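Visitor: Could you have a look at this structure, given as structure tokens, before my questions?
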Amino acid sequence: MRRLILTIFVLAQALLADQVTLKNGDRLSGNIIKYDGKNLVLKSDLAGDITILWENVTAVTSTQPLNVTLKDGQHIVGTLTTDGTKFMVATKDTGSVTAARENVQYIRSDPEQKAYDTEIDRYKNPRLIDLWTGTFDLGFTQTAGNTETETFTMGANAVRATTRDKIIVNYTQIYSTSNASGPNLTTANAKRGGIAYNLNVAPKMFIFGLVNLENDQFQSLDLRFAPAGGVGYHAIKTPNTTLDLSLGVSMDKEFFMATAAVPAGSPSLNQTYAELLLGEELTHKFSKTFSMHENLVFYPNVSSVGNYRMNFDISAAAAIKKWMSFQISASDRYLSDPIAGRKTNDILFTTGLHFVFAK
């Protein structure tokens, strides 16, 4: 009696379940979750989620309503059956709709369709806290023995990109000490950061505004405050490569520390210049695991003709895991007319683990 009840239960479950027939003649029962253009996912009570290559599926029958999307954009909801290469959807309101197998783009269950619609709505109407992706880099080096040195590096980048606009935030820092020449001295101490906003006004054109901030002890720079704005052009925009060109104007407000060569009260310690801005930014994916980013901005000085600034940043990352990679980067700041006693060039080299996040 118990065996009979179990048999009836199994048969009832089979009648109520969706059916998938494979090329080898096997039949699988369960609930169809989705077809994504490549694989069909079937949830079985006994085996859990089963992923099947679409080319191995010869027939499908559903007892639950499914959401079928065709390649022409048509969306149909109803129970699904197949007859050879034809898919027939029995809808509630318009009767049976027939489509060729090759015209079926997606199939989703009701819960899967609701989740998909929610995600699409999130992309169309994102909140400010949505769609952020970015990286965080951290590095530390220490030596002990005849000399003691410590070097700390940190970098962070975050991007929120939609079809309409893009927000970019970046920060880089290095701090190093050494006692190689006797007493423990700071040998490097620099911080660089900024925020930018791009608004697309045409498929290839955008306008932008940005603010860059910088502090560098060994350039005697307390603070550089440099807001800028202008127009940009998407010269290349493919899945693997993007190249943006920028043209605009900038203000460079500099606050320097007094030195032996430049005493306190000297007019050269606090300066404000008007500048032009000419820039390019390139991102390229060489493979699924290796990518490169490069940004060059040239600032000709309008207030002091003949002088200029140049910012150059480049980084390369090799993925170790989906959420972690190894990165090496360089950040160069060139000032054609530094205060007396200081060099024109300051370069930061950093390397370390590169952690990826996304929201």
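Visitor: Can you pull out the trypsin sites (Lys or Arg not before Pro) in region 49-95 whose DSSP state is coil and whose Cβ has at most 16 other Cβ atoms within 10 Å?
Guide: 71, 92
Visitor: Now a separate question. Between residue 234 and residue 280, what is the label-point separation in nm under the 7 Å Cα-to-beta-carbon projection?
Guide: Going from the residue 280 label point to the residue 234 one covers 1.9 nm.
Visitor: Hey, another quick one. For the chain, taking Cα atoms only, what is the radius of gyration to one decimal and the Dmax to the nearest whole Å?
Guide: Just the Cα atoms of the chain yield Rg and Dmax of 30.2, 102 Å.
Visitor: Please list 3J(HN,Hα) in residue order for region 186-197, calculated via the Karplus relation 6.51 cos²θ - 1.76 cosθ + 1.60 where θ = phi - 60°; whole Hz, with x for glycine and proline.
Guide: 6, 10, 7, 7, 9, 9, 9, x, x, 9, 9, 10
Visitor: So, counting K/R as plus one and D/E as minus one, what does the shell of residues with Cβ under 10 Å around residue 301 add up to?
Guide: Counting the neighbours of residue 301, the net charge comes to -2.
Visitor: In 5 Å bins starting at 0, how do the alpha-carbon pair distances of region 64-223 split up by percent?
Guide: Using 5 Å bins, I get a P(r) of 2, 7, 10, 10, 9, 8, 8, 8, 8, 6, 5, 5, 4, 4, 3, 2, 1, 0 for region 64-223.
Visitor: What's the FRET efficiency of residue 181 with residue 340 using the Cβ-Cβ distance as r and R₀ = 30 Å, to the nearest 0.05?
Guide: 0.80
Visitor: With every protein chain left in place, what is the accessible area of residue 339 in Å² (1.4 Å probe, nearest 10)?
Guide: 10 Å²
Visitor: Place a label point 7 angstrom from the Cα of residue 96 along the Cα-to-Cβ direction, then list the residues of region 62-76 whose backbone nitrogen is under 14 Å away.
Guide: Counting only backbone N, you get 62.
Visitor: Separate question: Compute the helix-to-body angle for 2-16: its Cα long axis versus the longest principal axis of the chain, expressed 0 to 90° and rounded to tens.
Guide: On a 0 to 90 degree scale, this one is about 70.
Visitor: Another question, if that's okay. Using the heavy atoms of the protein chains and a 1.4 angstrom probe, tell me the accessible area per residue for the chain in square angstrom.
Guide: 59 Å²
Visitor: Let me ask you something else. Once the Cα atoms of helix 110-124 and of the chain are each reduced to a long axis, what angle between those two axes, in degrees from 0 to 90 to the nearest 10, is obtained?
Guide: Value to nearest ten degrees: 30.
Visitor: Convert 37 °C to kelvin, take the viscosity as 0.692 mPa s, use the Kirkwood radius over C-alpha pairs of region 202-359 as Rh, and evaluate the Stokes-Einstein diffusion coefficient in µm²/s, rounded to a whole number.
Guide: The estimated diffusion coefficient comes to 187 µm²/s.
Visitor: Hey, can you rank 57-66, 44-53 by average C-beta count inside 10 Å, highest first?
Guide: 57-66, 44-53
Visitor: Right, here's the next one. I need the phi-derived Karplus couplings for region 275-286: 6.51 cos²θ - 1.76 cosθ + 1.60, θ = phi - 60°, integer Hz, Gly and Pro marked x.
Guide: These are the phi-based 3J(HN,Hα) values: 9, 8, 10, 10, x, 9, 9, 10, 10, 9, 9, 6 Hz.
Visitor: Can you run phi through the Karplus equation (6.51, -1.76, 1.60; θ = phi - 60°) for region 222-238 and list ³J(HN,Hα) in whole Hz, with x for Gly and Pro?
Guide: Taking θ as phi minus 60°, the curve returns 5, 7, 10, 10, 9, x, 8, x, x, 10, x, 9, 7, 5, 9, 8, 10 Hz for region 222-238.
Visitor: Just want the answer: with Cβ charges of +1 for Lys and Arg and -1 for Asp and Glu, which residue in 251, 269, 292 is farthest toward the dipole's positive end in region 154-297?
Guide: 292
Visitor: Students often check this: by mean Cβ neighbours within 10 Å, which of 348-356, 303-311 ranks highest, and how do the rest follow?
Guide: 348-356, 303-311
Visitor: Right, next: Based on DSSP H runs of at least 4 residues, each adding -39500 (n - 2.57), what is the mean residue ellipticity at 222 nm of the chain after dividing by all its residues, to the nearest 500 deg cm²/dmol?
Guide: My calculation for the chain gives -2500 deg cm²/dmol from helical runs alone.
Visitor: Sorted by mean Cβ packing within 10 Å, highest first, what order do the peptides 282-293, 136-147, 325-336, 240-251 take?
Guide: Taking the mean over residues of other Cβ atoms within 10 Å, the ranking is 325-336, 240-251, 282-293, 136-147.
Visitor: Let me ask another. Can you divide the C-alpha Rg of region 187-268 by 2.2 N^0.38 Å and report the result to two decimal places?
Guide: Cα Rg divided by the expected 2.2 N^0.38 Å: 1.50.
Visitor: Along the positive direction of the dipole of region 120-161 (beta-carbon charges: Lys, Arg +1; Asp, Glu -1; about the Cα centre), which of 134, 120, 151 reaches farthest?
Guide: Among 134, 120, 151, the one farthest towards the positive end of the dipole of region 120-161 is 120.
Visitor: Separate question: Run through region 139-222 and list the GluC sites (Glu not before Pro) located in a DSSP loop whose Cβ has at most 16 other Cβ atoms within 10 Å.
Guide: Sites meeting the loop and neighbour criteria: 148.
Visitor: Continuing with this model, one more query. In whole percent, what relative contact order does the chain give with Cα contacts below 8 Å and a gap of six or more residues?
Guide: In percent, rounded to a whole number, it is 8.
Visitor: Please work out how much length the chain gains when fully extended from residue 251 to residue 58, using 0.36 nm per residue of separation minus the C-alpha to C-alpha distance, in nm with one decimal.
Guide: 62.8 nm
Visitor: For residue 213 and residue 260, FRET efficiency with R0 = 25 Å and r from the beta-carbon atoms, rounded to 0.05?
Guide: Computed FRET efficiency for residue 260 and residue 213 comes out at 0.40.
Visitor: Can you list the residues of region 126-144 with backbone N under 18 Å from a point 7 Å past the Cα of residue 162, pointing along Cα to Cβ?
Guide: It comes to 126-134, nothing else.
Visitor: Of the accessible area of region 55-152, with the probe set at 1.4 angstrom, what percent is carbon plus sulfur?
Guide: About 51 percent, which is the carbon plus sulfur part of the accessible surface.
Visitor: In addition: Mind checking the full-extension length gain between residue 23 and residue 144? Use 0.36 nm per residue of separation minus the Cα-Cα distance, one decimal, nm.
Guide: Value of the extension gain: 36.9 nm.
The values are calculated or read from the model by the stated rules, or taken from the named source; none is laboratory data. Just so we're clear, the structure is a prediction, and the values are computed from it rather than from any experiment. A quick note on method: Cβ atoms are made from the backbone with ideal geometry, for glycine too, and the neighbour counts reach across all protein chains shown. With ligands, DNA and RNA removed, areas are computed over all heavy atoms of the protein, side chains included. Shrake-Rupley method; radii C 1.70, N 1.55, O 1.52, S 1.80 Å.
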